[in-house]
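Below you'll find the structure, written out as structure tokens, and then a few comments.
The values are calculated or read from the model by the stated rules, or taken from the named source; none is laboratory data. Small disclaimer: the values here were computed from a predicted structure and weren't measured. Cβ: placed from backbone, ideal geometry, glycine included. Neighbour counts: every protein chain shown. Protein only, heavy atoms only, side chains kept; ligands, DNA and RNA dropped before computing areas. Shrake-Rupley method; radii C 1.70, N 1.55, O 1.52, S 1.80 Å.
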Amino acid sequence: MPFPLCHSSVCTPLCTLARKTGSTEARIDKASYIWTIHDFNFHEAEGSTLYATTFSITANRKFKWNFELKPNGETDDKDTISVYLMNCSFVKDKVYAKLNVFILDSNRNKVFAKVTKVNEFDREIDHCNLGFKEFLKKDDIFRNNLLIGNALTIMFEIEFSAVHGDAIKKTVHECIKPKLFPDLPACNLKKNLRQMLKRGEFSDVTLISNDDKEFPAHKNILMANSPVFATMFKHDMKERRLNRVEIDDMDAETVYQLLRYIYTGKCKSLKKVPADLLAAADKYGLDRLKLMCAEELGATISVDNAASILALADLYDVKELKNEAIKFISLKPARVLNSPGWKDIHSNELVNEVCSALARL
């Protein structure tokens, strides 16, 4: 049956689109990952959270994934196992994923399957985790002899799709009215805020680095982007009374890059001071900057700095970076353990985690 004619009083030649048909498709990337956890009883007794090796899918390498397993679950009775998929990517695309999880028996058959619905990963809401708080009862493991040589094997199947920009739904008969201003001027908000920081106009607080460099700033902007600054200026603290914030543990370059990020969301010299900025981001509650610094550090791991990066990741609780450092050390243990940085590792717990990783090789 032909489409009805359009009788709109604002009809334009674009209404010929009403006689067309269309479709929307999403590219679905798929991957499977088999994770064998050796010495499962040891990890169960120890109770520490386990992480698989971070990986990417060949067809879409900009997305990085990892798995998290809690051998004692997240319930008070500790009789379940929790498993999660983590999106470790640092991209702006919206990511939708579906996760299938299985236990593999001695014949590599899939048992105890669980499937999630399609979910959007959102760092601010669910910290990029998708999975099951109560995946499997421990009694089922032993009742069905799923520990093979004290090793538990889990298979994950992932389906995910990335969406670029915003999807706009239109009805097939809708007449599209031309825009009055098809080429709007670019938004200069970030540029204006950067100039505002640079010039110090109308500033009402001064930040002072440990080398006595002063940076005029604006309380409202600091409060809007950092929960720590918000608390500082909302309560009767000396920084609020004096309109001065003395930052004794940061030099001028780090303070400037911290402010630049708060005002614009960017860091011009991130590669120069990633470790210092990681500490600054952790101190002032800037989670996104913290991940940016961790990504930069993860890309520069070497024999000389692996131990230092491991210590930083542990100190500031960046588990993805910590896993990456442990993975690197496991590949070159002799060289890293003889490096100068390893002598500065004083945490017995951290040393034990590295030894456990080496023992599983």
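Going by what's in this entry, would GLY265 be described as open to solvent by 10 Å² or more (accessible area, probe 1.4 Å), under 18 Å from the mean Cα position of the chain (by Cα) and in contact (Cβ under 8 Å) with a residue 60 or more places away in the chain?
Here the answer is yes, as GLY265 does meet what is asked.
Can you tell me which of (1) at pLDDT 95 or above; (2) closer than 18 Å to VAL318 by Cβ is the one CYS267 doesn't meet?
(1)
I need the full set of residues from region 337-361 which are in a helix (DSSP H, G or I), closer than 20 Å to PHE42 by Cβ and either in contact with a Gly (Cβ under 6 Å, 6 or more places away or on another chain) or not acidic (Asp, Glu) (or both), in order please.
ASN348, LEU350, VAL351, ASN352, VAL354, CYS355, SER356, ALA357, LEU358, ALA359
Can you work out which of the residues in region 317-361 that are among the hydroxyl-bearing types (Ser, Thr, Tyr) and farther than 20 Å from THR54 by Cβ is farthest from the chain's Cα centre (by Cα)?
Taking the candidates together, the pick is SER339.
Mind checking which residues of region 195-223 are open to solvent by less than 80 Å² (accessible area, probe 1.4 Å) and over 16 Å from GLU253 (Cα atoms)?
GLN195, MET196, GLY200, SER203, ASP204, VAL205, HIS218, LYS219, ILE221, LEU222, MET223
Hey, TYR33 hits all of (1) farther than 21 Å from THR153 by Cβ; (2) touching a strand residue (DSSP E or B) at 6+ places or on another chain (Cβ under 7 Å); (3) at pLDDT 75 or above but one; which does it fall short on?
The one condition TYR33 does not meet is (1).
How many residues does region 324-336 hold that are surrounded by fewer than 23 Cβ atoms within 10 Å (Cβ to Cβ) and in a helix (DSSP H, G or I)?
8
Does any residue in region 130-144 that is more than 17 Å from PHE40 (Cβ to Cβ) come within less than 7 Å, Cβ to Cβ, of a residue that is acidic (Asp, Glu) six or more places away or on a different chain, and which pairs are these?
Pairs that qualify, where the first residue is more than 17 Å from PHE40 (Cβ to Cβ) and the partner is acidic (Asp, Glu), are LYS133/GLU74.
Please work out which one of (1) surrounded by 15 or more Cβ atoms within 10 Å (Cβ to Cβ); (2) acidic (Asp, Glu); (3) over 30 Å from THR53 (Cα atoms) is the condition ASP314 fails and give its number.
It fails just one condition, (3).
So if I check each of VAL228, VAL303, which one is touching a residue at least 40 places away in the same chain (Cβ under 8 Å) and surrounded by fewer than 19 Cβ atoms within 10 Å (Cβ to Cβ)?
The conditions single out VAL228.
State which residue pairs qualify: first residue outside any loop (DSSP other than H, G, I, E, B) and inside region 199-210, second residue surrounded by fewer than 17 Cβ atoms within 10 Å (Cβ to Cβ) and among the acidic types (Asp, Glu) in any location, beta carbons under 6 Å apart, and separation of 6 or more residues or different chains.
Cβ pairs passing all conditions: THR206/GLU214; ILE208/GLU214; ILE208/GLU246.
Just one of VAL95, VAL10, VAL83 is at pLDDT 80 or above and either in contact with an Asp or Glu (Cβ under 7 Å, 6 or more places away or on another chain) or of a type in the set (A, V, I, L, M) (or both); which is it?
VAL83 is the lone residue from the list that is at pLDDT 80 or above and either in contact with an Asp or Glu (Cβ under 7 Å, 6 or more places away or on another chain) or of a type in the set (A, V, I, L, M) (or both).
Can you say whether LEU277 is within 30 Å of ARG335 (Cβ to Cβ), without any contact (Cβ under 8 Å) to a residue 24 or more places away in the chain and open to solvent by less than 30 Å² (accessible area, probe 1.4 Å), as far as the supplied structure shows?
Answer is yes for this residue.
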